[in-house]
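Before any comments, here is the structure.
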Amino acid sequence: MPILRLIATSDLHMHVRPYDYFEDREDESVGLAALAPLITQARTEHACCLLVDNGDFLQGAPLGDVAAQDFAEGARRINPVIAAMNAIGYDAATLGNHEFNYGLDYLDHALGQARFPILSANLKRTDGSAYVPATTMITRSLAGGSDGDAALRIGLIGLLPPQILQWDRSHLDGRVVVEDILAAARREAVALREKGADLVIALCHSGITGGTYREGQENAAGHLGAVPGIDAIIAGHQHLRFPGSREFEDLPGIDNSRGSLHGVPAIMPGSFGAALGLLDLTLARDGDVWSVTRHAATIRRPAPAGERVPRDCPARKAILAATEEDHARTLTQMHAHIGETGTAIDSHFALLGDNSAMALVAKAQREAAQGLVEGMGLSDLPLLSAAAPFKAGGRGGPGYFTRIAPGALTLRDLANLYLYPNTVSVVRVTGAQLREWLERSSGIFRQIDPDGPPDQLLLRHNFPSYHFDVIFGLDYEIDLSAPARHDRDGALVAPRARRITRLVHDGAEIRPEQEFLVATNNYRAGGGGTFFGGAPAPVIAQSTQMVREVVTDYVRARGYVAPRWTRNWRFAPLSHPDGSPVEVIFETGARGEGREPADMPLTPLGPTEQGFLAYRLRLSDVT
Ligand code: MN
Ligand code: MG
């Protein structure tokens, strides 16, 4: 029986070279070049292969920031990730949400250099014309049929989350529109069949969730299996691996061991070039009609360090050669000295109130915001600043933390502190909205039952720490005995619950109608994370400057910073019925050892199976 093998990557995020720019060392566990030997090998195992990428390739690792900065300064070199993808010979790719982060001019420049089609079926210009092709048709000759070789026409559809319109509003407003993922897939599947496609494959830059489908929803890949006429699905966006990740256990219609969504073969190949997805479709032909009779979904990863693997293949060499100059430029930039810090900047205990990883960002952001609102007649309103610890473990794993020692600050350190190419925004909110903002952020904590079993876990594993905004300029308390008002995606699920029990500005409890300005970023202001009930926040000023540049300028202007943090929020004390304080389990990265905030009632418990470091935390009046 003939087999079509789909070889898939997703969410490369500019991880092209096996290099960790934050740690400044080779890292053979990430990057397209690290996958190149696996791709070469996979191509030899079956005669008929397609190499596809599922989007979010253009932004992420510092290599991409440097390329974007060069572009902004007028340079028109080939984009390094496109150069790498050309070098290894992708057959097709789809646009992800992060492709829009640096604006459409930058994207257009990159698209123009790709020697393979880059698709998107649910993205259109506002005049209704296509932005990029919705679909493509690839013909492959299949050997092994009962009547010899046959031509197989493979139709591919590209899909992305409609939420790009909020997340990159400043770049996209009035220029593009986005349609619901399932609606576009349904239409294009029919159109491809009419054009003679034997198989239809969805490159869906969207994740897998259960539940009932809501039109326009961000993560739609799971529901795509129920759309007629789709033979295989590449999923992504969640940076997870499917099949196999525990996040996908027990979702209706989703087979997490064989890799299928409502019976349709599917795969999600992780992120950062740390995993490769192989979806083998065994095909049968009845007259002119091809069908998939069975499939195998497997994830392969680069061999761990120390293991001998034949790395040198022509594809790897070609990727490295094509990106050598960009790599060198990136290293030079990352090593540039921009100032000194007198204090450590560390995110290991950021979720317990150590704000050192956010304080510098919040300060620089506030200063930039002050400049933006000058002359707007708003000087009566308090100006606050919101910042989240971007690297704080969770899904990123036990090594995913920011850790900057006192001493020299380089761009590498600031990139490690502020990962995203966000720009500065200022929003005008009421006291009620501020309270809701903090309620949404505090959803990172589980509800703790004082009558429940001992050692309840504090953190919700799946809640990204970039949604844990700390608002500087306020003082507040979080009551963990109350349920979270919002779910992970920001939907209001417990409308009567209140966790923020004390919310003080300038010594007085905040009134619901009181008004404030908050310095934040364009992602949050555009509605990212659904912090404002699904609506975009009332933005009153928007900078074109990136937050990271603002922080860099702030440090450069002073030469020396010492972001001393004061803890501006704490957990409300929680007692068992007998009056003794409740204790919970907190997990952080192993390198957090010795960085514990001095006044925190923490007891170390040792490493966990996943490589985190566990602590017991007493929820007494000092936490
Ligand atoms: Mn991504
Ligand atoms: Mg994405």
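The values are calculated or read from the model by the stated rules, or taken from the named source; none is laboratory data. Just so you know, these numbers come straight off a predicted model, no measurement behind them. All Cβ positions, glycine included, derive from the backbone under ideal geometry; neighbour counts span all protein chains shown. These accessible areas exclude ligands, DNA and RNA; they are computed on the full protein's heavy atoms, side chains included. Shrake-Rupley method; radii C 1.70, N 1.55, O 1.52, S 1.80 Å.
Within the range 206-224, the set of residues being farther than 20 Å from ILE164 by Cβ and either at pLDDT 95 or above or open to solvent by 30 Å² or more (accessible area, probe 1.4 Å) (or both) comprises GLY211, THR212. Of the strands (runs of 3 or more DSSP E) lying entirely inside the range 362-440, those containing at least 3 residues that are surrounded by 24 or more Cβ atoms within 10 Å (Cβ to Cβ) span 383-387, 423-430.
Just one of the listed residues (PRO563, PRO573, PRO512) is open to solvent by less than 50 Å² (accessible area, probe 1.4 Å) and either part of a loop (DSSP other than H, G, I, E, B) or touching a residue at least 40 places away in the same chain (Cβ under 8 Å) (or both), namely PRO563.
Residue by residue, here is whether (1) in the same structural domain as PRO62 (by TED's automatic domain parsing); (2) open to solvent by less than 30 Å² (accessible area, probe 1.4 Å) holds:
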residue	(1), (2)
PRO310	yes, no
CYS313	yes, yes
THR341	no, yes
SER347	no, yes
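Is at least one residue of the range 30-38 touching a His at 6+ places or on another chain (Cβ under 6 Å), in contact (Cβ under 8 Å) with a residue 40 or more places away in the chain, within 16 Å of ligand 2 (Cβ to nearest atom) and of a type in the set (Gly, Ala, Ser)? No - not one qualifying residue is present in the range 30-38.
I'm trying to understand the selection: among the residues of the range 597-619, which are open to solvent by 60 Å² or more (accessible area, probe 1.4 Å) and out of contact with any helix residue (DSSP H, G or I) (no Cβ under 7 Å at 6 or more places or on another chain)? Passing the criteria: ALA598, ASP599, THR603, PRO604, LEU605, GLU609, GLN610, ARG616, ARG618. Looking only at residues in the range 42-73 that are open to solvent by 10 Å² or more (accessible area, probe 1.4 Å), part of a loop (DSSP other than H, G, I, E, B) and among the small types (Gly, Ala, Ser), which one is nearest to THR423 (Cα to Cα)? Looking at residues that are open to solvent by 10 Å² or more (accessible area, probe 1.4 Å), part of a loop (DSSP other than H, G, I, E, B) and among the small types (Gly, Ala, Ser), I get GLY60. If you check GLY259, GLY216, GLY222, GLY263 for being within 20 Å of the chain's Cα centre (by Cα) and within 26 Å of MET137 (Cα to Cα), only one passes: GLY222.
Number of residues in the range 519-536 that are more than 15 Å from GLU439 (Cβ to Cβ) and of a type in the set (A, V, I, L, M, F, W, C): the value is 3. If THR209 meets every condition in (1) assigned to a helix (DSSP H, G or I); (2) out of contact with any Ser or Thr (no Cβ under 7 Å at 6 or more places or on another chain) apart from one, which number is that one? THR209 satisfies every listed condition except (1).
No other residue among ILE7, ILE39 is assigned to a strand (DSSP E or B) and crowded, with 19+ Cβ neighbours inside 10 Å apart from ILE7. Among the conditions (1) within 16 Å of ligand 1 (Cβ to nearest atom); (2) open to solvent by 20 Å² or more (accessible area, probe 1.4 Å), GLY287 misses just one, which is (1). Filtered by the rule that a residue be within 16 Å of the chain's Cα centre (by Cα) and either open to solvent by less than 20 Å² (accessible area, probe 1.4 Å) or free of Cβ contacts under 8 Å to residues at least 60 places away in the same chain (or both), the range 241-256 gives a lone residue, ARG241. Residue-level analysis places GLY174 among those that are of a type outside the set (A, V, I, L, M, F, W, C) and under 21 Å from THR126 (Cβ atoms).
Being charged (D, E, K, R), within 16 Å of ligand 1 (Cβ to nearest atom) and more than 28 Å from THR298 (Cβ to Cβ) holds for only one residue in ASP173, ASP180, ASP168, and it is ASP168. Residues of the range 228-240 that are buried (at least 22 other Cβ atoms within 10 Å of the Cβ) and away from ligand 2 (no atom under 12 Å from the Cβ): ILE230, ASP231, ALA232, ILE233, ILE234.
Under the condition of being touching a residue at least 12 places away in the same chain (Cβ under 8 Å) and farther than 13 Å from ALA184 by Cβ, which residue from the range 201-216 is nearest to ligand 1 (Cβ to nearest atom)? Restricting to residues being touching a residue at least 12 places away in the same chain (Cβ under 8 Å) and farther than 13 Å from ALA184 by Cβ, the top hit is GLY207. Per the listing ALA537, ALA482, ALA519, the residue uniquely part of a loop (DSSP other than H, G, I, E, B), touching a Ser or Thr at 6+ places or on another chain (Cβ under 9 Å) and open to solvent by less than 10 Å² (accessible area, probe 1.4 Å) is ALA537.
Please work out which residue is least open to solvent (accessible area, probe 1.4 Å), limiting yourself to the range 10-25 and to residues that are modelled with pLDDT of 95 or more and away from ligand 1 (no atom under 16 Å from the Cβ).
Step by step, filter the range 10-25, then rank; the result is PRO18.
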